[in-house]
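Trainee: First the structure, which I've put down as structure tokens, then a few questions once you've had a look.
The values are calculated or read from the model by the stated rules, or taken from the named source; none is laboratory data. Computed from a prediction, not measured in an experiment: that's the story for all the values here. Note: ideal-geometry Cβ built from the backbone for every residue, glycine included; neighbour counts use all protein chains shown.
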Amino acid sequence: MDELTLEMAETAVKAAQAKARELSTAMTVTVVDAGGRLVLCARGDGAGFFTPETSRAKAVAAAAFRRSTKDMVEARESSPAFWGNVAAVLGGQALPSTGAVPLVSGGKVIGAIGCGGGSSEQDHLCAEAGAAAIRSS
């Protein structure tokens, strides 16, 4: 499928939330389309009040750069000036912070999933679980 559907987003959110429960952490999961527009956001029970905004901004970054935010964080360490300028230009709309991955179908990025509420690693694992659920459906 070449387009992200609500059904696909729901599948991804459910898988990411299941992973969060496995990790015993509260999690907000946000799915955006390839252009960074909101498709679905689900704030998990007990997740912080700001997690819908941060999970969305992470997802927007992953969609915009077509790579995981974990990769962006690692790249920032080797090129801090570049990524500092990117963050300034994005003005808070995209957050290159660990916890989001692109959603790929047929070799094409169709959107991204961002997670917030746990540690960086927990956020990343939950996003990966959501993306994997779409790949396997």
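Trainee: Against the definition (surrounded by fewer than 23 Cβ atoms within 10 Å (Cβ to Cβ), under 14 Å from GLY130 (Cα atoms) and of a type in the set (Asp, Glu)), how does GLU53 come out, yes or no?
Mentor: On the way: surrounded by fewer than 23 Cβ atoms within 10 Å (Cβ to Cβ): yes; under 14 Å from GLY130 (Cα atoms): no; of a type in the set (Asp, Glu): yes.
Against the criterion (surrounded by fewer than 23 Cβ atoms within 10 Å (Cβ to Cβ), under 14 Å from GLY130 (Cα atoms) and of a type in the set (Asp, Glu)), GLU53 does not qualify.
Trainee: Which of the residues belonging to segment 1-17 are of a type in the set (A, V, I, L, M, F, W, C), surrounded by 15 or more Cβ atoms within 10 Å (Cβ to Cβ) and in a helix (DSSP H, G or I)? Break it down into steps so the answer makes sense when it comes.
Mentor: First pass over segment 1-17, keeping only residues of a type in the set (A, V, I, L, M, F, W, C): 1, 4, 6, 8-9, 12-13, 15-16.
Keeping just the survivors that are surrounded by 15 or more Cβ atoms within 10 Å (Cβ to Cβ) gives 4, 8-9, 12-13, 15-16.
Residues satisfying the conditions are MET8, ALA9, ALA12, VAL13, ALA15, ALA16.
Trainee: Can you tell me how many residues within segment 3-33 are under 19 Å from GLY106 (Cβ atoms) and modelled with pLDDT of 95 or more?
Mentor: Taking segment 3-33 as the starting set, the residues that turn out to be under 19 Å from GLY106 (Cβ atoms) are 3-9, 11-12, 31-33.
Checking the rest, the ones that are also modelled with pLDDT of 95 or more come to 4-9, 11-12, 31-33.
Residues in segment 3-33 being under 19 Å from GLY106 (Cβ atoms) and modelled with pLDDT of 95 or more: 11 in total.
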